[in-house]
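Remarks on the structure that follows.
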Amino acid sequence: MAKKKTAKKKTKSFEETLWDSANKLRGSVEPAEYKHVVLSLIFLKFASDKFTERREEIIDEGKEQFIDMVEFYTMKNVFYLPEKSRWSYIQANAKQDDLALKIDTVNIGQKT
């Protein structure tokens, strides 16, 4: 009885999958310019994580009345993020047509 050869599916490495995803996401943006978009999003995510962490600290300290005061964030070297500049807002609006505009108009460090 002859053995059947099973064709092995080539599985993509994590890096290949990530690269393919990035290419799909960048759309018509030139690769040389795409790095600016990606780095900006990474920075926004980092700033938003720090903001959320500090916000929770303020609440835990029983100072809820100060959660929208810029000074309570900057005193710990954390950017204050208005609601429309937070990662949670970007996530909630990710499927809207004007997401690029929302990201371009993110305002970090000022209360609006």
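Apply the a/c threshold of 1.5 to the C-alpha gyration tensor of the chain and tell me whether it is rounded, prolate or oblate.
Note, shape of the chain comes out prolate.
Taking Cα atoms, how many degrees apart are the long axis of helix 14-26 and the longest axis of the chain, rounded to 10 and kept between 0 and 90?
70
Order of 70-78, 89-97 by packing, highest average Cβ count within 10 Å first?
Ranked by mean Cβ neighbours within 10 Å, highest first: 70-78, 89-97.
As a quick test, which of the pairs Lys24/Lys76; Lys35/Lys84; Lys10/Lys84; Lys12/Lys50; Lys10/Lys50 have an alpha carbon distance above 31 angstrom in this structure?
Distance filter (> 31 Å) returns Lys24/Lys76; Lys10/Lys84; Lys12/Lys50; Lys10/Lys50.
If packing is taken as the average count of other Cβ atoms within 10 Å, what order do 81-87, 55-61, 22-28 fall into, highest mean first?
81-87, 55-61, 22-28
Kindly provide the helix-only [θ] at 222 nm of the chain, computed as the sum of -39,500 (n - 2.57) over DSSP H runs of four or more divided by all residues, to the nearest 500 deg cm²/dmol?
-16500 deg cm²/dmol
Round to the nearest 10 and give me the degree value, 0 to 90, for the angle of helix 31-60's Cα axis relative to the longest principal axis of the chain.
50
How large is the dipole of segment 34-104 about the Cα centre if only Lys and Arg carry +1 and Asp and Glu carry -1, each at its Cβ, rounded to the nearest 20 debye?
Magnitude of the dipole: close to 340 debye.
Select from Phe72, Ala94, Ser40 the residue farthest towards the positive end of the dipole of segment 34-104; place +1 on Cβ of Lys and Arg, -1 on Cβ of Asp and Glu, and compute about the Cα centre.
After comparing all options, I get Ser40.
Between Asp104 and Arg26, 0.36 nm times their residue separation minus their Cα-Cα distance comes to what?
Gain on stretching Asp104 to Arg26: 26.6 nm.
In a shell of Cβ-Cβ distance under 15 Å around Lys50, excluding Lys50 itself, what net charge do Lys and Arg (+1) and Asp and Glu (-1) give?
Counting the neighbours of Lys50, the net charge comes to +1.
Readers should treat all values here as calculations from the given coordinates under stated rules, not as data from a laboratory. All values reported here derive from a predicted model rather than from experimental measurement. Positions of Cβ are generated from backbone atoms using ideal geometry, with glycine treated the same way; all protein chains shown enter the neighbour counts.
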